[in-house]
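Encoded as structure tokens, the structure appears first; notes follow it.
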Amino acid sequence: GQQVMQIPQYQHVQEGEDFTTYCNSSTTLSNIQWYKQRPGGHPVFLIQLVKSGEVKKQKRLTFQFGEAKKNSSLHITATQTTDVGTYFCADLNTGFQKLVFGTGTRLLVSP
Amino acid sequence: DTEVTQTPKHLVMGMTNKKSLKCEQHMGHRAMYWYKQKAKKPPELMFVYSYEKLSINESVPSRFSPECPNSSLLNLHLHALQPEDSALYLCASSWGAAEKLFFGSGTQLSVL
């Protein structure tokens, strides 16, 4: 079956440093969604990418979809302690209504 | 109202018990989902309901039985669970198949 891997599994940064998580798939990605899950919380939708090569920004967050639609990335500029949590990419298999989550990257930000 | 409400928040049950998890949304969403999440793992899809009909069952054991009484409600009936079924059970809803998911805060289930 489809595997969506994220690297790194875990990253610990100092506040103000940048952070990037990469999402890679064994098959061509359909629509990529990104979610953030705070410790003890539930996943919260961040953004959806549909087109090859698409780049979207939300304040300090930049999301990219690879040209070949086999990978995606999330970059956070100048992290803040409020960025702490696990970031999941998820591939939306629209034909089967299935959202397959990546393995996740846990981000810890020290003040 | 942009919330998905799940009850109970915590549940402890024995392996012979029968219990139900409940999920409610009033956003008019037509798709509802059950996910299971183990600690430090991604959510895993269990069931999808589309327009109140079960459209996906991800080979979930029959001790988990979903029910969608109406477009706003989703239940998960639990019977004869195993300790390895202990996990966070998340309900979600969306407008349709290609739309973003709204998750509830989950039910933390412990099976003793």
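Read-outs: derived from the displayed coordinates by stated rules, not from any lab. Quick caveat: nothing in here was measured; it's all calculated off a predicted structure. Note: ideal-geometry Cβ built from the backbone for every residue, glycine included; neighbour counts use all protein chains shown.
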Counting only residues 5 or more places away or on other chains, whose amide H sits under 5 Å from the amide H of B:Ile56 once H atoms are built in the peptide plane? B:Val48
Chain B, dipole about Cα centre (Lys/Arg Cβ +1, Asp/Glu Cβ -1), debye to the nearest 20: 260
Final fewest-first order of A:Lys59, B:Lys40, A:Lys36 on the 10 Å Cβ neighbour count is A:Lys59, B:Lys40, A:Lys36
Using the 10 angstrom Cβ neighbour count as an exposure proxy, how do A:Trp34, B:Trp95 rank, fewest first? B:Trp95, A:Trp34
Once you place label points 7 Å from the Cα toward the Cβ at A:Arg38 and A:Gln58, how far apart are they in nm? 1.4
With a Förster radius of 45 Å, plug the Cβ-Cβ distance of A:Lys51 and A:Leu108 into 1/(1 + (r/R0)^6) and report the FRET value to the nearest 0.05. 0.90
Let's see if you can work this out: charge +1 on each Lys and Arg Cβ, -1 on each Asp and Glu Cβ, no other charges. What is the dipole magnitude of region A:1-92 about its Cα centre, in debye to the nearest 20? 260
What ranking do A:His42, A:His12 get, fewest neighbouring Cβ atoms within 10 angstrom at the top? A:His12, A:His42
Using label points projected 7 Å from each Cα along Cα→Cβ, tell me how many nm separate A:Asp18 and B:Lys40, to one decimal. 2.9
Based on the Cβ-Cβ distance of A:Gln80 and B:Arg63, what FRET efficiency does E = 1/(1 + (r/R0)^6) give at R0 = 45 Å, to the nearest 0.05? 0.55
Can you compute the label reach from A:Gln9? Point 7 Å from Cα along the Cβ direction, backbone N cut-off under 20 Å, restricted to region A:23-41. A:23-26, A:37-40
Under the rule a/c < 1.5 gives rounded, and otherwise a/b versus b/c splits prolate from oblate, where does region A:20-100 land using the Cα gyration tensor? oblate
Under 13 Å from the 7 Å Cα→Cβ point of B:Glu52, by amide nitrogen: which residues of region B:65-107? B:68-74
Where does region B:4-111 land on Rg(C-alpha)/(2.2 N^0.38 Å)? 0.99
With +1 assigned to the C-beta of every Lys and Arg and -1 to the C-beta of every Asp and Glu, and no other charges, what is the dipole magnitude of the protein assembly as shown about the Cα centre in debye, to the nearest 20? 100
Taking chain A and dividing mean pair separation by its residue count, relative contact order in percent (alpha carbons under 8 Å, at least six apart): 37
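Taking Cα pairs under 8 Å and at least six residues apart, what relative contact order does chain B come out at, in percent?
Once divided by the residue count of chain B, the mean separation gives 37 percent.
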